[in-house]
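Accompanying notes for the structure given below.
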Amino acid sequence: QLQPLTLPPGGGSRLWPREGPPARGATDMNLLTYLLLLLLSSASCLKLQGSLECPCLAPGSPKYAEAAAAAQAAGYPEGYGFGCKPHDKGLAMSGCGAAAKDPCESEWCFVDPELCPQNKGMCQAAGGQIGSNVSPYCRTRASVSAAVKSVAAAGLQYSYATCDSVGLSGAEEAGLLLGGRHLNAVIDTPQAPWTLETKPSLGRPRFQSYDGVLVMLLQEVMNSYSPPTNITVHDGWATADSRKNFGSSYTACVYDVSVGNFDICIADFWVTPERMALADFLVPYSADQFYFIAPDDSLPETFASIMAKPFAPFALELWLLVGGFLIFAGLVTAFAETRTHFDEFPNNLILGRVLKTQFFFFYWFVSGGPTYNPKSVPARICAIAFGFFILIVVASYTANLASILVSSNNKNSISSVEDAIAAKLTICAPEAVLQQMKVLYPAADFFPVGSTRNTFRHLWRDDCEVAVLHEKTITQGHSGEVNRLDCDEVEAGKSTQEEAQCLRDEDGDPSPTRDCAFVKLGNPLMSMPLSMPVSSELAKSIGYAIRKLATEGIYDQLTLDYADTVAISECVDGATYPLPIWAKRRGQKSG
C-alpha cells in the first residue's frame with residue numbers, strides 16, 4: 001500500500017530532488033499522478049474485499065483462522081479462498097486444468113457468515129428498508145456452503161456474487177446438488193398422462209410400477225448426472241397429519257414438502273397462492289382450463305324445430321308488420337297503375353289488379369326485388385320505398401339467420417355461472433381454487449370440493465346443482481373412469497353407495513355414461529398453471545434440469561408418447577341421459 005507523504009531529513013520534499021522545486025506545471029502533474037495511484041489502489045483493495053453487503057473474510061474475523069486451517073487441511077495452497085481472486089484457476093484438485101475456463105477463471109472468496117445476512121434492525125436504524133441501497137445491512141449477496149469445495153468448517157460460506165462473478169453454471173450447480181443425491185417422493189395415480197400405475201420395468205428402475213410423462217421426465221433428470229440421483233417413492237400420498245389441516249390432499253402434500261416429509265410430490269398440481277405460500281414450485285409445464293358444467297336439459301332437434309329455423313330471425317309481430325307493408329304496397333300499386341301499365345294489367349277489373357299486385361310484392365320480397373318498371377309516379381315512389389324496405393329487412397334477416405343456423409338448438413336453461421346465480425343454485429367448486437372463484441363471482445353460493453374427482457358424486461347427491469371443473473376431470477367423467485373409481489370404492493368398503501353414487505349397467509359393470517348428463521358450457525372461466533412442489537434446496541436445480549430437457553424436445557416427445565393414455569369420452573352427441581333428481585323436479589327432460 002502507498003505510504004503517507006513525509007518530508008525527508010534536512011527539508012525539501014520527496015516529490016522533487018534537492019536541487020529545488022520544478023516548475024508549477026510539473027508539480028501539479030506529480031500530485032495528479034499520486035492521487036490517481038491512490039484511487040486505483042483503493043479500488044483494487046475494495047474489489048479484493050468483496051461487496052460491502054457480504055464482505056470476504058478478513059484477518060481478525062472469528063472465522064478467518066478456522067477457514068485457513070480447513071482449506072490447508074483439504075490440501076489447498078495457502079491463501080486459498082481469501083480475497084476476490086480466481087482461486088481455482090490452474091488448480092488440478094479443483095478440476096481446473098490448464099484448458100479449463102469458467103468457473104475456474106471466476107473470482108470468489110470465503111465470506112463472513114456474521115456480516116452477510118440482512119439485518120433488519122441495523123438497516124432501519126440507517127434509515128433504509130430491506131432491499132434498499134441505504135446501508136450494506138439492507139442487502140446481501142448469494143453464497144454457498146464451503147462444503148461444496150470440500151472445505152470442512154462449520155457455517156463457512158463462499159460467494160462468487162460478492163466478487164461480481166457468476167461462478168457455477170446452472171448445469172454445474174444442479175450436478176453438485178443432484179448428483180448422488182437421494183430424494184424422498186410420493187406419486188398420485190392415476191392422473192393420465194402425467195402419472196400412471198403399471199407393471200415394474202427395467203426402464204424405470206427408480207420408479208418401478210409408476211409411469212407417465214412426469215415420471216419419465218424425472219427419470220431423465222436423474223439419469224443425466226454422475227453419480228445418478230436416486231429416489232424412494234413412498235406408498236400413499238399426503239400424510240395423515242397433513243390431511244387434518246387441509247380439505248385438499250394435494251394442498252396437504254404441498255405442506256408435507258414444506259415441512260420436509262418429502263422432497264417432491266409428483267402429480268399435476270395447480271399453482272395457487274395458498275400453495276405457493278407453503279412451498280416452492282418448479283416452472284409450470286402446462287395449464288388446466290376450468291369450465292362451467294350443468295345438467296344437459298336441452299331439447300333434441302325435431303323436424304318441426306328445423307323447419308321453424310328460417311322464421312326464427314324475426315318475432316311474430318315483425319313478420320306481421322312485413323306482411324302488412326307488402327299488402328299496403330300492393331294496394332297502392334294496384335290503384336296507381338290503373339291506366340298506365342296495360343302490359344301487366346290488361347284486365348281493368350279492380351279485384352284482378354289487387355290480387356296480381358299482392359302476388360307480385362310477395363314474390364318480389366322472397367326473390368329479392370321487383371321485376372317490372374312501374375309507369376305512374378305513385379307506383380314508382382312505392383317501388384323505391386319497397387326497394388329500401390327489402391335492403392333493410394334482408395340484411396337484418398340474413399345476419400340473424402346466420403347466427404341462428406350456426407348455433408345449436410340445444411340450449412340449456414342454465415348455461416352460465418350468471419344463470420346459476422340468478423336461479424339461486426349451489427355451485428360445486430374445487431377447494432383449491434375457491435378463493436379465486438369467489439373473487440370472480442362474489443354473489444355465487446359455492447360448495448367446496450376437496451378432491452375434484454368427487455365433484456360428480458356431489459352433483460348426483462344434490463349437494464350442488466351445477467359445478468366449475470377443469471377439463472381433464474370432465475373428460476374422465478364422460479369416459480366413465482370417475483364412476484368406475486367410485487364403484488371400486490364401494491366394493492372395497494371405502495365409501496357407501498349413498499356417498500359414491502355408483503351406477504352400474506344391465507350387466508352389473510360400472511356405467512361408462514353415468515356422468516354424461518353433465519355437459520361443458522361456454523368458454524373457459526379461468527386457467528390454472530400446473531407444476532410440482534419441491535424442497536427449496538432443490539427447486540432451482542431440478543427446475544433447471546427440467547427446462548433444459550424441455551428445450552431439447554424431450555417433454556414434447558413424452559406428451560406425444562402418452563397421448564393415448566388420456567381418457568376418451570363415451571358420451572354420444574344428441575343422446576339423452578338420466579338427470580339428477582333436482583333437474584327432473586324443474587320439469588327438465590330425463591332419459
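Quick note: the coordinates plus some simple rules give every number you see, no bench work behind them. Please read these numbers as outputs of a predicted model, since none were measured by experiment. Note that we place each Cβ from the backbone using ideal geometry, even for glycine, and neighbour counts take in every protein chain shown.
Laid out as a table, the results:
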item	result
Distant-in-sequence amide H partners of Val111 (H built 1.01 Å from N, under 5 Å)	Leu57, Gln157, Tyr158, Ser159
Span from the the stretch 99-154 Cα centroid across to the the stretch 404-483 one, whole angstrom	51
Nearest-0.05 FRET efficiency for Tyr363 and Thr496, computed from C-beta distance (R0 51 Å)	0.15
Most to least packed among 455-465, 419-429 [average Cβ atoms within 10 Å]	455-465, 419-429
In Hz, Karplus ³J(HN,Hα) per residue of the stretch 136-150 (6.51, -1.76, 1.60; θ = phi - 60°; x = Gly, Pro)	x, 6, 8, 9, 8, 10, 5, 9, 10, 4, 5, 5, 4, 9, 6
Peptides 278-290, 112-124, 556-568 ordered by average Cβ neighbours within 10 Å, highest first	278-290, 112-124, 556-568
Extension gain (nm, one decimal) between Phe389 and Leu485, 0.36 nm per residue minus Cα-Cα	28.3 nm
Glu220 paired with Lys199, simple spin-label distance in nm, labels 7 Å along Cα-to-beta-carbon	2.6
Cα shape, the stretch 375-479, gyration tensor, a/c 1.5 rule	prolate
Note, ³J(HN,Hα) from phi for the stretch 311-316, Karplus 6.51, -1.76, 1.60, rounded to Hz, x at Gly and Pro	9, 5, x, 10, 6, 4
Contour minus Cα-Cα distance for Ala73 and His234 (0.36 nm per residue)	53.9 nm
log₁₀ of I(q)/I(0) at q = 0.14, 0.19 Å⁻¹ - the stretch 441-591, Debye sum with one point per alpha carbon	-0.86, -1.24
Label-point separation, Glu274 to Ala126 (7 Å along Cα→Cβ), nm	4.1
Amide H partners (placed H, <5 Å) of Asn184, local residues excluded	Thr232, Asp263, Ile264
Nonlocal amide H pairs with Ala287, under 5 Å, H built at 1.01 Å	Leu530
Fully extended contour minus Cα-Cα distance, from Ala308 to Ala142, at 0.36 nm per residue	52.5 nm
Packing-based ranking, highest mean first, of 247-258, 219-230 given that Cβ atoms within 10 Å are counted	247-258, 219-230
Estimated vicinal HN-Hα couplings, Hz - the stretch 469-478 in sequence order (Karplus 6.51, -1.76, 1.60; Gly, Pro = x)	8, 7, 4, 4, 6, 4, 5, 4, x, 6
